[in-house]
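Here, each number is a calculation from the coordinates, and none is a lab measurement. Source: prediction; values computed, not measured. Because the Cβ atoms are built from the backbone with ideal geometry, glycine has one as well, and the counts that use them run over all protein chains shown.
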Amino acid sequence: MGKYLCFFVASLAVTLYAPAQNQSCSPPPTLKDAYQGCFMVGAALNPAQFTGQDQAEDAIIRAQFNSISPENVLKWEVVHPQPDVYDFALADKYVEFGQRNHMFIIGHNLVWHSQVPPWVFEDDKGTRVNRKVLLQRMRNHIQTVVGRYKGRIAGWDVVNEALDEDGTLRNSPWEKIIGADYIENAFRYAHQADPQALLYYNDYSLENEAKRQGALELVRKLKAKGVPISGVGLQGHTSLAWPSAEQIDTTITEFGKLGVRVMITELDVDVLPSASHTADVAYNAASDPKLNPYPNGLPDAVQQELSQRYSDLFRTYAKHCGLVTRVTFWGVTDKDSWKNNWPVKGRTNYPLLFDRNDRPKPAFDAVIQLALKRGC
Ligand code: GLA
């Protein structure tokens, strides 16, 4: 009888993804528990997940993750759609969800060239504003948004994607109108608004040599000027083949030498044929059935490849426990990943650790096993 009860309790716990309760018949640990001595494990959330509309995912999130990022609700176009209009309805719910569940709450993001309304860069006649006006607008935005969540949002992606692939500064409206020092100004404004918050630079493809060198130089210059930057986010939108473990390892090590922490901030693994050479959200490729080979399920061989890939990625991250302070997935389950619609709309992708029915995939087990083997 005792044996059956134990089995029942263990299965129930696995089903609910609850942390281990009973050592003698312990279910697998959760992600956050497995990596507790190493780094936080986070996920980017959509509104259905933090407003109670998606109970199944809500349960996964509360059991598995100890940090959350907002997929969209803190972007400029959502919180500050018009010059005199701030809308914090969803952002407030996101932060309340994180506080209720005692999570490390991330703000994403303050200054980016995407998902920012055109009015930010124009006057009421549609003419481009000058440096002084744009700095003023940036400052007001940062003070209002960071100030509202002072002491509650623990870390902010202050500047997102300021670099081009060759490592030079992206010619964004921010850079064109303000000049290169828009970056340091954004960090200083954020620090003034919440001196305790950790402040990050966040970008993709920093594992590639040229872009990495540009980012290292940027961080070096910011540090030399005393700009309050605490960390660098490697977005981590990866594929089965790119970037190599060696590229990731070198990237983490090099940023570590500059005295900043490193986070993997938007992790997913694209298993579909490549349709793009960049992670720029502005890019879109045409639809083609050849680019969507697994509409009815992932073949076992690819499932195994994905598990191996995830195991390799976490082995590399865990090599840098303490320097890497957080690994955040960009989404929770395959069904709501942006990767189903970018860079080609309407594909069936499998980039995360939970499947379309909210069940843990073999890749989930691989990530847990890796932690158990390493003794994280
Ligand atoms: C970038 C951004 C994220 C998100 C993803 C795609 O990586 O930083 O906010 O938009 O693209 O969803």
**Study point:** Options 317, 224, 333, ranked by Cα towards positive dipole end of the chain, top entry (Cβ charges)
**Key:** 224
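Going down the table (32/319; 335/361; 150/221), which pairs top 20 Å between alpha carbons?
Values: 32/319 17 Å; 335/361 13 Å; 150/221 27 Å.
Exceeds cut-off: 150/221.
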Revision key, fill the gap. Rounded to the nearest 10, the angle in degrees between the Cα long axis of helix 55-64 and the longest principal axis of the Cα atoms of the chain comes to 90 degrees
Check your understanding: What's the angle, to the nearest 10 degrees (0 to 90), between helix 182-193's Cα axis and the longest principal axis of the chain?
Key -> 70 degrees
Revision key, fill the gap. The distance between the Cα centres of region 73-88 and region 255-331, in whole Å, is 30 Å
Point to revise | Point-charge dipole on Cβ atoms (K/R +1, D/E -1) for region 2-374, about Cα centre, debye to 20 | key: 860 debye
**Study point:** the chain, relative contact order [Cα under 8 Å, separation at least 6], %
**Key:** 16 percent
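Where both partners of a DSSP beta bridge lie in the chain, what percent of those bridges are antiparallel, to the nearest 5? Write down the numbers at each step before the final one.
Numbers: 4 of 40 bridges.
Given both bridge residues lie in the chain, the antiparallel proportion sits at roughly 10 percent.
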**Study point:** Among 281, 172, 136 - extreme Cα towards positive end, dipole of the chain, charges at beta-carbon
**Key:** 136
Check your understanding: If one takes the longest principal axis of the Cα atoms in the chain, at what angle in degrees, from 0 to 90 and to the nearest 10, does the Cα axis of helix 362-374 lie?
Key -> 90 degrees
**Study point:** Ranked by how many other beta carbons lie within 10 Å on average, peptides 218-227, 285-294 from highest
**Key:** 218-227, 285-294
Revision key, fill the gap. Interchain or sequence-distant (5+) residues whose placed amide H lies within less than 5 Å of the amide H of residue 163 are 170
Check your understanding: Which of the aspartates and glutamates could a cross-linker span from residue 257 if the Cα-Cα distance has to be under 20 Å and same-chain partners fewer than 8 positions apart are dropped?
Key -> 203, 207, 209, 217, 246, 249
Review point. Once Lys and Arg get +1 and Asp and Glu get -1 on their Cβ, which of 56, 362, 108 lies farthest toward the positive end of the dipole of the chain?
Key: 108
**Study point:** Candidates per chymotrypsin sites (Phe, Trp or Tyr not before Pro) in region 250-312, loop by DSSP, up to 14 other Cβ within 10 Å
**Key:** 283
